[in-house]
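The values are calculated or read from the model by the stated rules, or taken from the named source; none is laboratory data. These numbers were taken from a predicted model, which means no experiment stands behind them. For neighbour counting, all protein chains shown are included, and Cβ atoms are generated from backbone atoms with ideal geometry for every residue, glycine included.
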Amino acid sequence: MASSHSTLERNLAESVRSFHAALPGGVSEVLARVEGLLAEVAYGASERLVEPTLQALTVGGKRLRPILMILSAQMGEPEEEALLVASATVEVLHAATLVHDDVVDKAESRRGQPTTVANYGREIAVATGDYLFSEAFNGLAKIEDPRLVRTFAESAMGLAAGELEQYRSSGGQVEVEAYLEHIRMKTAGLFRAACVAGGTLGGLSLRQIDALSTYGQALGLAFQMSDDVMDLIGKPGLMGKGVGTDLAEGTVTLPIIFALKEGDAAVIRRVLETPNPTPELLEAGIEAVLATNAIKRTEAWASGKVEAAIEGLTLLPDRAERVVLEAIASEVVGRHA
């Protein structure tokens, strides 16, 4: 059910960039070093995988997850090298999931660029994703902290289970609770892992790490809900993703769930069940969704998650890092307020 996130992530990244000149505690410096580690991962691959791995790690990503980890960690006193490796690891794991998602979805483009599977074929794409997964846990092994291994292992298991559930339910009947469980696993899990790992590396208290866990999960849920909305009302062609991509692929998102209960379910269902629907049929399906209160209801749910995320941060030190975390959360729904 998770879409590519490209449009929303670009807008979040633009918001984050506005903080870069004054990011606290050398976040930009750590990010620059993370880029170096990501290049090392790519050039450490076997010859046939170097180019696709480099593409997977560099094509348009703005490093939101490493930023979350670094901000969380720097509210404490992290060991610099461990934070650097862990921040690279979360981005490598994220890239691995995107490559495998695109293979399953047979996606042609991501962030306005051809996907790994489109450029190199299924065999190379699968091998690239597998290599990235192995490198992610190789990085964790270097840190030698079982708490981080557990955190990322749980996230990886959730990602795999979420992808399988999406494949099984594509075009089918999906209820709100099933949707929420799916995005907890597939989208929110890695946000949560980044924040929890950061707090752990920073030596924060268990209560503070729990607060970061709550923040990360709520942020991830709101992120996905807002992305679901963008898929229906965003500008066609922006960042390579047209309006209605989820609907056309049979992906049942939260606004579609609401619209099926409120509006012309027959039209929406026809789009979901039709492989490669015509532009006319897709437009009719989008209009059927927009004719209901589904968008407003989804935005309200996303806003509620963001409020919960920000409220949880009050347990953390009153520092500049916390202000940035709050601002990132607010940006998730700020464009729709």
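Remarks
- ILE328 in contact with a helix residue (DSSP H, G or I) (Cβ under 6 Å, 6 or more places away or on another chain), surrounded by 15 or more Cβ atoms within 10 Å (Cβ to Cβ) and under 23 Å from ASP227 (Cα atoms): no
- Some residue of the stretch 309-329 being basic (Lys, Arg), part of a helix (DSSP H, G or I) and without any contact (Cβ under 8 Å) to a residue 40 or more places away in the chain: no
- One residue alone among LEU54, LEU38 is modelled with pLDDT of 85 or more, within 22 Å of the chain's Cα centre (by Cα), closer than 18 Å to GLY139 by Cα and surrounded by fewer than 18 Cβ atoms within 10 Å (Cβ to Cβ), and that residue is LEU54.
- Among the residues making up the stretch 266-286, those that are among the charged types (D, E, K, R), surrounded by fewer than 16 Cβ atoms within 10 Å (Cβ to Cβ) and within 29 Å of the chain's Cα centre (by Cα) are ARG270, GLU273, GLU283.
- Counting the residues of the stretch 141-159 that are hydrophobic (A, V, I, L, M, F, W, C), touching a residue at least 40 places away in the same chain (Cβ under 8 Å) and closer than 20 Å to ALA188 by Cα gives 4.
- Any chance ALA127 is more than 30 Å from LEU313 (Cα to Cα), in contact (Cβ under 8 Å) with a residue 60 or more places away in the chain and outside any helix (DSSP H, G or I): no
- Residues located in the stretch 95-115, provided they are hydrophobic (A, V, I, L, M, F, W, C) and more than 16 Å from the chain's Cα centre (by Cα): VAL103, VAL104, ALA107
- Within the stretch 177-201, considering residues that are buried (at least 24 other Cβ atoms within 10 Å of the Cβ) and among the small types (Gly, Ala, Ser), the one nearest to LEU148 (Cα to Cα): ALA197
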